[in-house]
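Let me begin by presenting the structure, written as structure tokens, before commenting on it.
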Amino acid sequence: MASKKGAYETTASDTDFRKKYDREEYAQRAKEREAKEREENKARYEAKLAGKKYYKPLTGDETLTQARASRLDVSQNVGKVTLMPAGAATGKRGRGAGFYCADCDLTFKDNLQWVEHENSMQHLRAIGQTGEVKRATADDVHERILQIWERLEEEKKQDVKTLGERLEVRKEEEDREREERRQKRLAVAERKRLEKEAELKVKQEYGEDVRVEGEHDEDDMMAMMGMKGFGSSKK
Amino acid sequence: MANHRADEKRFLDDRGNSGPLAPNGLNPATIMEKPVVDRIIDCYFWKDQCFGVNEADIVSRVVDQVHFIGGTYGDSQKPSPFLCLAFKLLQLAPSDDILREYLDFGGEKFKYLRALACFYIRMTRQAKDVYRFLEPFLPDSRKLKQKRRTGTTLTYMDQFVDDLLTKDRVCATTLYKMPKREILEDLEVLEPRVSALGDIEDLLDGEDVQEVDPDAAREDDSDVEMSNREPADEREDERSPERASS
Ligand SMILES: [Zn+2]
């Protein structure tokens, strides 16, 4: 024993102390758990005798059950091939192929079994719900109608607004396109004008610089008179 | 008041036992026929969208999920969301003041909410109250889609209300036999109706006598509150059913 003690003698005794403490606590906890289990088994047995299903007793911290805010989300399972053993009628322990409930660590082979589980008392107790639903008053109903109506009106307004926005955007686009076309047309016209100018300039250049005065006068005269090409021999 | 159970188990356990009865003395758990109830509680819509629903959630569900009236539809005889929610109402057993919200304030805005409440009232209320609750909506001419086994058809609120008052089977449900209005009038349980739609209705009745029982057809309601109104009001109501219930 002494040889096991390290350089820091106090460490070992600290550990001894803690171990002892843990042991006591564990023993105490085990005792409580056993008592609880015995009690639960008894209740389970009594429920069975009475032909009822047993659920853990409520602690008082449970919340009321509420209707789903939307359709049960099965999208996370969409597109997955789910092969289950033929005999797997209800939930299978652990994560597997199919619809998995993380709260209960159970897997179900289809959405119908899954929703049945989500509705089951076993599941509701696991997520701390009573399976009871608050009764609504006429005022609650009135309030809900108003709420839905206002939401729909608001959505309609948004739709109109987005429609207006869409029209505006389209008008801008059309204006831009029209402007582009106009610019293109202008550019084409400008190019043509420039080409024409260039042509004219060439002619002028030809006339002024290249053409030697009097050289083609005879040809010009003939052309004017409607005659041309008598052949070079006549010339 | 006590909470509801989120599911239908306890409600159906009361079948044949001593569950609270509807105002017309019927057991709400047995008003719909058992094969229909079995179809309802087996379907996915019931398990997903009717679980944990209370009287206010009914409104949300109708607005989001009910786009046609009907019982069971298609070859598979699938129960309609309308029928499922009607069954949920049988479980919830809403009071008259909640039904007024469904019919009037909600019914003006959401026609299928009014249709659902009318159907539920016809199943659970005494004859005199059925007449009083439903007759004010005979001038409501809004369109309703209807799905049957054979397909989708178009009907109108006034037609649907008229069906509820005169037919013995609507939306896969056999309606209990109500005494005719004039019998209740003779017994002085109901006051005679003053014609709201007047001559127009008489003309229409002349055209399809075989369909509409002329006695049960639209005359005015005898609701005390309504009969105090100016005739001019009622003429206007004829054109704008939304106002009829305000
Ligand atoms: Zn679970």
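Observations
- Within region A:98-129, tally of residues that are near the ligand (Cβ under 9 Å from one of its atoms), at the interface with chain B (Cβ under 10 Å from one of its Cβ atoms) and without any contact (Cβ under 8 Å) to a residue 12 or more places away in the chain: 1
- Members of region A:63-84 that are at pLDDT 70 or above and either more than 12 Å from every other protein chain (Cβ to nearest Cβ) or open to solvent by 80 Å² or more (accessible area, probe 1.4 Å) (or both): A:Gln66, A:Ala69
- Of the listed requirements (1) open to solvent by less than 60 Å² (accessible area, probe 1.4 Å); (2) free of Cβ contacts under 8 Å to residues at least 60 places away in the same chain, B:Leu154 misses just one: (1).
- Flag set for A:Glu168, criterion: open to solvent by 80 Å² or more (accessible area, probe 1.4 Å) and either within 16 Å of the ligand (Cβ to nearest atom) or more than 10 Å from chain B (Cβ to nearest Cβ) (or both).
- The requirement of being in contact with a strand residue (DSSP E or B) (Cβ under 6 Å, 6 or more places away or on another chain) and touching a residue at least 24 places away in the same chain (Cβ under 8 Å) is satisfied by B:Ala115.
- Per this entry, B:Arg39 is not counted among residues that are in contact (Cβ under 8 Å) with a residue 24 or more places away in the chain, under 17 Å from the mean Cα position of the chain (by Cα) and in a helix (DSSP H, G or I).
- Residue ID - farthest from the other protein chains (Cβ to nearest Cβ), chosen from residues in region B:92-123 that are open to solvent by 10 Å² or more (accessible area, probe 1.4 Å) and outside any helix (DSSP H, G or I): B:Ala93
One line per residue, one yes/no per condition, for (1) more than 20 Å from A:Glu118 (Cα to Cα); (2) within 14 Å of another protein chain (Cβ to nearest Cβ); (3) free of Cβ contacts under 8 Å to residues at least 24 places away in the same chain:
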position: B:Asn54; (1), (2), (3): no, yes, no
position: B:Val59; (1), (2), (3): yes, yes, no
position: B:His67; (1), (2), (3): yes, no, no
position: B:Gly71; (1), (2), (3): yes, no, no
position: B:Asp75; (1), (2), (3): yes, no, no
position: B:Phe82; (1), (2), (3): yes, no, no
position: B:Leu90; (1), (2), (3): yes, no, no
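- Within region A:130-150, the set of residues being within 20 Å of B:Asn54 (Cα to Cα) and either within 11 Å of the ligand (Cβ to nearest atom) or open to solvent by 50 Å² or more (accessible area, probe 1.4 Å) (or both) comprises A:Glu132, A:Lys134, A:Arg135, A:Thr137, A:Asp139, A:Asp140, A:His142, A:Glu143, A:Arg144, A:Leu146, A:Gln147, A:Trp149.
- Annotation note: Cβ proximity below 6 Å between a residue of region B:1-26 that is loosely packed, with under 11 Cβ neighbours inside 10 Å and a residue that is assigned to a loop (DSSP other than H, G, I, E, B) and at pLDDT 90 or above (sequence gap 6+ or interchain) occurs for B:Met1/A:Arg135.
- Identity of the residue in region B:27-37, hydrophobic (A, V, I, L, M, F, W, C) and within 18 Å of B:Ser76 (Cα to Cα), that ends up least open to solvent (accessible area, probe 1.4 Å): B:Val37
- The set of residues in region A:30-60 that are hydroxyl-bearing (Ser, Thr, Tyr) and over 24 Å from A:Glu132 (Cβ atoms) contains only A:Tyr45.
- The one condition in (1) closer than 20 Å to B:Pro81 by Cβ; (2) open to solvent by less than 30 Å² (accessible area, probe 1.4 Å) that B:Tyr131 fails to fulfil: (1)
The values are calculated or read from the model by the stated rules, or taken from the named source; none is laboratory data. The structure displayed is predicted, hence computed values, not measured ones. Please note: Cβ atoms are built from the backbone with ideal geometry, for glycine as well, and neighbour counts cover all protein chains shown. Heavy atoms of the whole protein, side chains included, go into the accessibility calculation; ligands, DNA and RNA do not. Shrake-Rupley method; radii C 1.70, N 1.55, O 1.52, S 1.80 Å.
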